[in-house]
1. Hey, rough spin-label estimate for residue 180 and residue 65, points 7 angstrom out along Cα→Cβ, what's it come to in nanometres?
2. Can you give the helix-only mean residue ellipticity at 222 nm for the chain, where every DSSP H stretch with n ≥ 4 adds -39500 (n - 2.57) and the sum goes over all residues, rounded to the nearest 500 deg cm²/dmol?
3. Taking every pair of distinct Cα atoms and averaging 1/r, then inverting, what Kirkwood hydrodynamic radius in Å comes out for the chain?
4. Label the stretch 40-94 by shape, choosing from rounded, prolate and oblate, from the square roots a ≥ b ≥ c of the eigenvalues of the Cα gyration tensor; if a/c is under 1.5 it is rounded, and otherwise prolate applies when a/b is larger than b/c, oblate when it is not.
5. Just grab the label-to-label distance for residue 49 and residue 242, each label 7 Å out from Cα along the Cβ direction, in nm (one decimal).
6. Does the stretch 169-211 classify as rounded, prolate or oblate by the C-alpha gyration tensor (a ≥ b ≥ c root eigenvalues; a/c under 1.5 gives rounded; else a/b over b/c gives prolate, otherwise oblate)?
7. With only alpha-carbon pairs counted, each pair once and no self-pairs, how large is the Kirkwood hydrodynamic radius of the stretch 27-119 in angstroms?
8. Check cross-link reach from residue 176 to the lysines: straight Cα distance under 20 Å, and skip same-chain residues fewer than eight apart.
Amino acid sequence: MRKKISVFLFLFCLIYMQGNAQTDSITISGMVSNFEGHPVDGALVEIKHSNFKTAYETLTDENGQYSLKVSKGKYLALASLKMSEYPVAGSTLPKEEQRLEFWAWNLIAEEDMFLNIKYDRLEVYGVNVFRVQGAHPGFTIYCRPMSLTRGFSEPDKDLDFIDLCPPPEELEVNVKINGNPVKVNMKEKVKEYVSNGICYAYLLHVDLPSEKANKNYDIFHIEMTDLKNGDKGEAVYFKKKDDYE
């Protein structure tokens, strides 16, 4: 009798733990493509911890599809790129075929998520989104757009001294919040301090979304095009909603 009870308790605990494991994890899936909609096979999709170390990673299949099962929580970022396309010293890949990565920042993994990814030759890096209290209603977006073509345009210069960031009149910006387009009211190129000098970034101001999402966070899609050379890129940012009393 005791043996039967022990077996029953073991099975009960096993089922309970399996159920707990399922409720403590979610699946992030989607397709990686270029801006023409062509899927990218063998692209790395990687989720990073706050120390920039890899938490989870996978490769896309021949149709550009990926799927990652991850523990619920908040992660620094999700990045994606076919690593053979990344510009490195000594690369034999023609410059026009080299690419820069996609980033989704401040990744909030609370429920199953479908996230399609596009990347090309413009990287939208270091995205942060915030509201300036007491100012015009809207969101301020901080980011660094970096054009690969601009980087290749001055081969005799060290990359640290090349301005990869297009000027405002040559930068097209489109922003969506929770899938709905919002008006971009301002785009201002600014200097950012880095350890060996400065780099350039943008402050954007966009309207609040016309419709509120049912979730406790908003998802920002930021797409940019360098009008001088056609380089494109996008980034995503997850922002927890303010919970002031």
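1. Simple spin-label model gives 3.1 nm for this pair.
2. Calculated mean residue ellipticity at 222 nm is -3500 deg cm²/dmol.
3. Numbers: mean 1/r = 0.0500 Å⁻¹.
By the Kirkwood definition, the hydrodynamic radius is 20.0 Å.
4. Numbers: a/c = 3.90, a/b = 1.48, b/c = 2.63.
Oblate is the answer for the stretch 40-94, as a/c is 1.5 or above yet b/c matches or exceeds a/b.
5. Here the answer is 3.3 nm between the modelled labels.
6. Numbers: a/c = 3.28, a/b = 2.42, b/c = 1.35.
Prolate is the answer for the stretch 169-211, as a/c is 1.5 or above and a/b outweighs b/c.
7. Details: mean 1/r = 0.0732 Å⁻¹.
After inverting the mean inverse Cα-Cα distance, the result is 13.7 Å.
8. Output for residue 176: 118, 187, 212, 215, 232, 239, 240, 241.
Bear in mind that the values in this text are calculations on the coordinates, not laboratory data. All figures in this text were calculated on a predicted structure; none of them were measured in a lab. Cβ sites come from the backbone with ideal geometry, for glycine too, and all protein chains shown count toward neighbours.
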